[in-house]
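Every number here is computed from the coordinates shown, using simple stated rules; none is lab data. All figures in this text were calculated on a predicted structure; none of them were measured in a lab. Every residue, glycine as well, gets a Cβ built from its backbone with ideal geometry; the counts of neighbours run over all protein chains shown.
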Amino acid sequence: MPALTRVLGAATAAYSATIIAAPRVLAKPCGLTDATGGVSASVRTLIAGIGARDAAIGLAMLFAPAGKPLQVALAARVASDAADALVFGTGLPDRSARPKVAAFALTWAALCAASSLAR
């Protein structure tokens, strides 16, 4: 499990840092930008919270000792992505963005879950 899980943790942490620094990276595919492509202060705050959560989980996946601590970090990642799929897949104001955002989150959840089976 550890090798692929560690890579996925690093990717999660890197993407999370990116959306904190550049919230448009997440806001645009979610349909949360304004008419000029800008991101409102409230959307920036929401994305920063998501980014901080995901950075913490990604770093845990990267650095947690093998065994139970790593399994817990991985479970947190899968649960967070599944919750994101549900929340964004049903609640984004842009209905056309809902399926693609939900599919992305579910794919990442499945990939992380599958990493627990990899040797």
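Convert each backbone phi in the range 71-88 into a coupling constant with the Karplus relation 6.51 cos²θ - 1.76 cosθ + 1.60 (shift: θ = phi - 60°), then list the ³J(HN,Hα) values in order as whole Hz, x for Gly and Pro.
Taking θ as phi minus 60°, the curve returns 5, 5, 4, 5, 4, 5, 5, 4, 5, 5, 5, 5, 5, 4, 4, 5, 5, 6 Hz for the range 71-88.
Taking the Cα centre of the range 2-115 as origin, work out the dipole magnitude from +1 charges on Lys and Arg Cβ and -1 charges on Asp and Glu Cβ, in debye rounded to 20.
Once rounded to the nearest 20, the dipole reads 60 debye.
Return the calculated 222 nm mean residue ellipticity for the chain, to the nearest 500 deg cm²/dmol, obtained by summing -39500 (n - 2.57) across DSSP H runs with n ≥ 4 and dividing by the residue count.
Value at 222 nm, helices only, nearest 500: -25500 deg cm²/dmol.
According to the square roots a ≥ b ≥ c of the eigenvalues of the Cα gyration tensor, what is the shape class of the range 2-115, taking rounded for a/c under 1.5, prolate for a/b larger than b/c otherwise, and oblate for the remainder?
prolate
So for the range 1-93, averaging the separation of alpha carbon pairs under 8 Å that are six or more residues apart and normalising by length, what relative contact order in percent results?
The normalised contact order for the range 1-93 reaches 35 percent.
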